[in-house]
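This report refers to the structure that appears directly beneath it.
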Amino acid sequence: MQVDLKSEILHLKEDKNAVILSHYYQTPEIQEMADFVGDSLALSQQAQQTKADIIVFAGVHFMAETAKILNPQKKVLLPDLAAGCSLAESCPPHLFNRFISSHPNLIVVTYINCSAEIKAMSNLVCTSSNAEKIIASIPTDKSIIFAPDKNLGKYLIKKTGRDMLLWDGSCVVHEAFSLEKLTQLCMHYPHAKIIAHPESEEPILRLAHYIGSTSGIINYVKNSPNKEFIIATEAGILHQMEKEVPGKILIPAPSHQDNTCACSECAYMKVNTLEKLYWCLKNEKTEILVNEEIRKKAIVPIQKMLELS
Ligand code: 13P
Ligand code: SF4
């Protein structure tokens, strides 16, 4: 007998008092099952506020780990523990420890896309939607280490004028956008507004009319009188966007690799499937655990970020 995954997930969710939090980059069918769909900041805020006993995090490992750091008493599940992140992986804790030790007295700000160990070594954590506000909270006479995303770091240096030492990490998805193909696409759509996530490389950001987090991007498209948009971020965002702005023309920015399809997909985000969502809720075996000593240190910069946001 075939299992009706969607109704089973709903039953399990109710029986177990679970909540499903989904990032915009998840598949449309997962987003449709979620109690809340949002960007990294909004998802952390939801995780902090939830009354559920179980949090099923339809996203990647660092997001679920942040939810666990905030909720040590709750069970936090990730549909597939292999859902990592190239940015988080580009910052191994032992190397980062050496890096910050060789630059003492700098304020360590890390983008939320990093492991609990890295957060535990940080003074402040930020997301793409609050990074400027977090940087502004640091006295101007202090220099900053920013990790792991060098593209977001360069963008923040430009926006804030602050002195920042950058870790050399990046996102495979946002670094894959092709300037050449984007320029060609702009000639076909001369009236389109170009919207980009700040994890994209500088030449792409230079062309963008708006730069922001996933929820910032959706709001921009919603509030703009413009009809056509070229979107330089992961293609999963188009699902909520199409629902929010029916009738507008949303064109995914082209990446270097694709000649057939213009979509840029995050392979890490897409390892989660509806089947895995069902199995993880049913069996509760894909649980996120964080060492208590690390958790106690990592929660400090996360809570500071939530207070400042
Ligand atoms: P947002 O916080 O903008 O949703 O970004 C998360 C992410 O992983 C972007 O690649
Ligand atoms: Fe990480 Fe990039 Fe995927 Fe976001 S899109 S989860 S930064 S690999």
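None of the figures in this text is laboratory data; all of them are computed from the coordinates on show. Because the structure is a prediction, the values reported are computed rather than measured. Virtual Cβ from ideal backbone geometry, glycine too; neighbours counted across all protein chains shown.
With the cut-off at 1.5 for a/c, could you classify the chain from its C-alpha gyration tensor as rounded, prolate or oblate?
Oblate shape, in that a/c is at least 1.5 and b/c is the bigger or equal ratio.
Multiply the residue gap between residue 11 and residue 244 by 0.36 nm, knock off their C-alpha separation, and tell me the result in nm, one decimal place.
81.1 nm
Each label point is 7 Å from the Cα along the Cα-to-Cβ direction; what then is the distance between the points at residue 71 and residue 271, in nm?
Each label point is offset 7 Å from its Cα along the Cβ direction, giving 2.2 nm.
Taking 26 Å as the cut-off for C-alpha to C-alpha distance, list the pairs among 68/282; 181/270; 74/150; 13/68 that go past it.
74/150
Give the aspartates and glutamates whose C-alpha is closer than 12 Å to that of residue 285, dropping any in the same chain fewer than 8 places away, or say none.
Leaving aside aspartates and glutamates fewer than 8 places away in the same chain, those within reach of residue 285 are 80.
Among all helices in the chain defined by DSSP H, which have a length of 30 Å or more along the axis from Cα atoms plus a Kyte-Doolittle mean of at least 0.0?
Taking the DSSP H segments of the chain (at least 30 Å long, mean hydropathy at least 0.0), we get none.
Loop by DSSP (not H, G, I, E, B), at most 14 other beta-carbon atoms within 10 Å: where is the longest site-free stretch of the chain for trypsin sites (Lys or Arg not before Pro)?
Within the chain, the longest run free of exposed trypsin sites (Lys or Arg not before Pro) spans 52-141.
At a Cα cut-off below 15 Å, give the aspartates and glutamates reachable from residue 51, other chains included and same-chain residues fewer than 8 away excluded.
14, 15, 35
Fully extended, how many nm does the chain gain between residue 219 and residue 105 (0.36 nm per residue separation, minus their Cα-Cα distance)? List each step's numbers first, then the result.
Values: separation 114, 0.36 × 114 = 41.04 nm, distance 3.79 nm.
Result for the pair: 37.2 nm of gain on full extension.
Working out 0.36 nm times the residue gap between residue 210 and residue 142, then minus their Cα-Cα distance, what length gain in nm do you get to one decimal?
In short, 21.6 nm is gained.
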